[in-house]
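Structure first, commentary second.
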Amino acid sequence: MTIHSKTSHCKIVDCTVRDGGLVNNWDFSVEFVQDLYQSLHESGVEYMEIGYKNSPRLLKGADQAGPWRFLDDDFLRKVIPHKLNTKLSALVDVGRVDENDILPRSESLLDLIRVATYARDTEKAIELGTLFHERGYETTINIMALSNVMDNELNEALAMIGDSPIDVVYIVDSYGSLDPDDMRFLVEKFKRTLKHKRLGVHTHNNMQLAFANTLAAADLGVELLDASVYGMGRAAGNTPTELLLAKLTNPNYSLRPVLGMIERHMLKLREKEEWGYLIPDMITGTLDEHPRSAMGWRASPERDRFTDFYDKMTTPEVYPGK
């Protein structure tokens, strides 16, 4: 039995607008987002993350970002006047959202609100997630940068989440540094500790392992699988939605509509914006470093001097400005 023949329990959460927005400052047209929503619906994708629901007054540069960075409910109703089968999701960051900006689910087009947090802020994430749960939303807590979390800190975070009403807990490979063995270790750990929680996974492709890591998690029962069309996401990008549609066991999935989305929009977008597997991102992935260093290098005149970047990252005594 192949790994993808045991994945009928899985659901896809497409993050093209939300994570892809980290590439182009959320500069997507309304037509792009509407076509994406229609394409995902026709492909059978269960969730579309249509942006962030953070609060603009709590972040700098709000006036320079596209509207998907700070979703407004009235604007969202104009963009999606007719809700289809694909549910809508939004992400919030601990410390960057005002709870008063989140309407009850009965008054919003959103179905799922996900709370992104570092392990040290788990208690705050639970408070937010519990509030959203009480307002009727499906909820997740996404624990970021797991490759950098000490075991005792993670144990404490998972113990707190286990007693909460949060629906789903996410394993997030923020630095794209995990391999399938790492993923299996984390999934088993989460399952042992969170016996009554569903699990999700969010991967990055720094080492060309995003898809493999996602399948490894799915094989062990992880239900919600994050992805993005054409892999569009910060730096190295994410698991491609089209690969999951092609490989997961679900008779309702159809690859063709998303291929059309790639033809109409993503090829032109990829000519303007850079994402996907690149050597500086590979280097930060292998070193378990945040991708900001690689992103900064790619924005510099030395963008293709890979050995210089490697030397900078591995010899901080020579390059103290790392």
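The values are calculated or read from the model by the stated rules, or taken from the named source; none is laboratory data. Only a predicted model underlies this, so the values are computations on that prediction, with no experimental measurement involved. Positions of Cβ are backbone-derived with ideal geometry, glycine not excepted, and every protein chain shown enters the neighbour counts. Accessible surface areas use protein heavy atoms only, side chains included; no ligands, DNA or RNA. Shrake-Rupley method; radii C 1.70, N 1.55, O 1.52, S 1.80 Å.
Structure summary
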{"read-out": "Qualifying residue in segment 3-22 (condition: hydrophobic (A, V, I, L, M, F, W, C) and closer than 21 Å to Pro165 by Cβ)", "value": "yes"}
{"read-out": "Residue within segment 226-247 that is closer than 22 Å to Arg303 by Cβ and open to solvent by 60 Å² or more (accessible area, probe 1.4 Å) present", "value": "yes"}
{"read-out": "Segment 164-185: number of residues that are on the phi > 0 side of the Ramachandran plot and either at pLDDT below 95 or open to solvent by 20 Å² or more (accessible area, probe 1.4 Å) (or both)", "value": "0"}
{"read-out": "In segment 102-111, the residues that are open to solvent by less than 40 Å² (accessible area, probe 1.4 Å) and not hydroxyl-bearing (Ser, Thr, Tyr)", "value": "Ile102, Leu109, Leu110, Asp111"}
{"read-out": "Restricting segment 42-80 to residues that are under 18 Å from Met261 (Cα atoms) and out of contact with any helix residue (DSSP H, G or I) (no Cβ under 8 Å at 6 or more places or on another chain), the residue that is least open to solvent (accessible area, probe 1.4 Å)", "value": "Tyr47"}
{"read-out": "Test: residue in segment 250-261 that is within 25 Å of Val168 (Cα to Cα), of a type in the set (Val, Ile, Thr), touching an Asp or Glu at 6+ places or on another chain (Cβ under 9 Å) and at pLDDT 95 or above", "value": "no"}
{"read-out": "Residue list for segment 188-203, restricted to those being open to solvent by less than 10 Å² (accessible area, probe 1.4 Å) and over 20 Å from Thr139 (Cβ atoms)", "value": "Thr203"}
{"read-out": "Residue that is open to solvent by less than 40 Å² (accessible area, probe 1.4 Å), modelled with pLDDT of 95 or more and under 26 Å from Leu199 (Cβ atoms), where the choices are Leu88, Leu22", "value": "Leu88"}
{"read-out": "Residue that is most open to solvent (accessible area, probe 1.4 Å) [pool: residues in segment 285-301 that are within 20 Å of Cys15 (Cβ to Cβ), assigned to a helix (DSSP H, G or I) and not aliphatic (A, V, I, L, M)]", "value": "Arg292"}
{"read-out": "From the options Ser174, Ser147, residue that is under 17 Å from the mean Cα position of the chain (by Cα), in a loop (DSSP other than H, G, I, E, B) and in contact (Cβ under 8 Å) with a residue 40 or more places away in the chain", "value": "Ser174"}
{"read-out": "Filtered residues of segment 3-19 (kept if under 22 Å from Phe70 (Cα atoms) and either open to solvent by less than 10 Å² (accessible area, probe 1.4 Å) or free of Cβ contacts under 8 Å to residues at least 60 places away in the same chain (or both))", "value": "Val13, Asp14, Cys15, Thr16, Val17, Asp19"}
{"read-out": "Segment 104-136: number of residues that are part of a helix (DSSP H, G or I), without any contact (Cβ under 8 Å) to a residue 40 or more places away in the chain and of a type in the set (Val, Ile, Thr)", "value": "2"}
{"read-out": "Filter result (under 30 Å from Leu109 (Cβ atoms), open to solvent by 10 Å² or more (accessible area, probe 1.4 Å) and not hydroxyl-bearing (Ser, Thr, Tyr)) within segment 119-141", "value": "Asp121, Glu123, Lys124, Ile126, Glu127, Leu128, Leu131, His133, Glu134, Arg135, Gly136, Glu138"}
